[in-house]
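Working notes, structure below.
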Amino acid sequence: MEKIILDCDPGHDDAAAIMLAAKSPKIELLGITVVAGNQTLEKTLRNALNVVQWLGVDVPVYGGCDRPLVREKVTAGDIHGKTGLDGPVFPPLVRVPEPEHAVNFIIRSLMASDGEITMVTTGPMTNLAMALRLEPQIAEKIKRIVLMGGACTNGNVTPAAEFNIFADAEAAHICFTCGRPVTMIGLDVTRMVKCTPEVVERMKNVGNRASALFVDMMGHFCKTQKALFGWDGAPLHDPVTIASLIDPALVTVKPMNVRIELRSEQSYGRTNCDYFGYCQLPSTADVAVDINVQRFWDIFEEGLRNYS
Ligand code: BDR
Ligand code: CA
């Protein structure tokens with residue numbers, strides 16, 4: 001059983017990551033910490049609460065940082081809509097966030113641990129970076145950081161940068177250099193995981209609350225990808241992090257030196273991955289370079305079936 005804290009900015013694919021993590025017999029989800037990213041914190045927090053309430057999941061939800069550490073705030077309303085989770089219509093919200101700040105929860109949980117907690121981030125890395133700055137001793141307590149973010153190849157916000165890193169590159173830099181193992185699940189593999197109409201139909205056939213929510217979410221998510229990029233199917237980035245913990249053989253990783261570009265105007269937020277080792281620098285991250293897509297969808301379907 002892998003103990004994790006899921007730090008996210010729901011977001012359609014973040015919501016799918018919550019779904020997969022919350023009922024997996026392989027994962028112990030200690031808490032969901034929320035950050036501004038795909039939308040404002042107020043909206044991403046509301047979305048996280050709506051999702052756990054809909055799923056009947058008892059995991060505590062903590063609100064975190066409402067802006068990046070240094071740069072100005074950016075959101076991804078073009079992809080995730082005005083609410084950050086356009087598509088599903090939820091019943092009135094009863095669930096409330098925990099009173100503790102997400103950063104304090106992260107620090108408290110890690111300090112009380114024996115180094116067995118994996119930090120999974122599927123949004124800008126602001127909360128974890130803040131926690132590392134506020135209590136540097138947590139670094140040695142982190143088992144591993146598994147993040148959705150970055151790319152060896154092309155970005156999705158600029159030619160150079162992927163959204164989660166672009167939205168707070170300074171935070172990503174702090175996390176990547178904290179000295180703990182980092183697994184970077186970037187666009188190189190998550191772009192391969194396309195939620196096509198066939199996938200949506202397959203998940204619909206699961207026929208429970210979780211699958212109904214997934215289908216509603218994908219209605220919007222797939223429509224925007226079609227309109228923006230002409231793609232038949234949306235890359236379902238964030239749940240790949242969770243699936244890679246459920247089945248460690250799912251993604252193939254390559255250790256490499258990764259540095260976050262902080263100073264360039266054009267390439268701010270790029271994850272500079274020394275794929276071929278030209279710089280002869282030590283590896284700083286295991287970077288996902290391939291994925292068994294078929295297996296991912298099997299894991300995801302199984303994840304939905306856990307709600308039956
Ligand atoms: C990442 O950006 C967000 O829009 C998604 O939720 C995902 O975490 C993909 O670049
Ligand atoms: Ca996300």
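The values are calculated or read from the model by the stated rules, or taken from the named source; none is laboratory data. Please read these numbers as outputs of a predicted model, since none were measured by experiment. For neighbour counting, all protein chains shown are included, and Cβ atoms are generated from backbone atoms with ideal geometry for every residue, glycine included. When the accessible area is computed, the model is the full protein with side chains, heavy atoms only, and any ligands, DNA or RNA have been set aside. Shrake-Rupley method; radii C 1.70, N 1.55, O 1.52, S 1.80 Å.
Values as computed for the structure displayed
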item: Residues located in segment 5-31, provided they are in contact with an Asp or Glu (Cβ under 8 Å, 6 or more places away or on another chain) and surrounded by 24 or more Cβ atoms within 10 Å (Cβ to Cβ); result: Cys8, Gly11, Asp13, Asp14, Ala16, Ala17
item: Check on Tyr275, assigned to a loop (DSSP other than H, G, I, E, B), under 30 Å from Glu198 (Cβ atoms) and either touching a residue at least 40 places away in the same chain (Cβ under 8 Å) or among the basic types (Lys, Arg) (or both); result: no
item: Glu100, sole failed condition from (1) more than 21 Å from the chain's Cα centre (by Cα); (2) over 30 Å from Val215 (Cα atoms); (3) open to solvent by 70 Å² or more (accessible area, probe 1.4 Å); result: (3)
item: Residues of segment 157-177 that turn out to be closer than 14 Å to Arg263 by Cβ and either more than 15 Å from ligand 1 (Cβ to nearest atom) or modelled with pLDDT under 95 (or both), as a count; result: 2
item: Candidate set from segment 135-160 (those that are of a type in the set (A, V, I, L, M, F, W, C) and part of a loop (DSSP other than H, G, I, E, B)); member that is most open to solvent (accessible area, probe 1.4 Å); result: Val157
item: Residue satisfying all of: in segment 32-51; in a helix (DSSP H, G or I), in contact with a Pro (Cβ under 9 Å, 6 or more places away or on another chain) and among the hydrophobic types (A, V, I, L, M, F, W, C); surrounded by the fewest Cβ atoms within 10 Å (Cβ to Cβ) among these; result: Leu49
item: Any helices (runs of 4 or more DSSP H) falling wholly within segment 179-231 and containing at least 3 residues that are buried (at least 19 other Cβ atoms within 10 Å of the Cβ) and over 20 Å from the mean Cα position of the chain (by Cα); result: 197-204
item: Hits in segment 84-97 - residues which are surrounded by 17 or more Cβ atoms within 10 Å (Cβ to Cβ) and over 14 Å from Leu213 (Cβ atoms); result: Gly84, Pro97
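Table: residues versus (1) free of Cβ contacts under 8 Å to residues at least 40 places away in the same chain; (2) in contact with a helix residue (DSSP H, G or I) (Cβ under 8 Å, 6 or more places away or on another chain).
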site: Thr224; (1), (2): no, yes
site: Leu228; (1), (2): no, yes
site: Gly233; (1), (2): yes, yes
site: Leu236; (1), (2): no, yes
site: Ile242; (1), (2): no, yes
site: Leu245; (1), (2): no, no
site: Lys254; (1), (2): yes, no
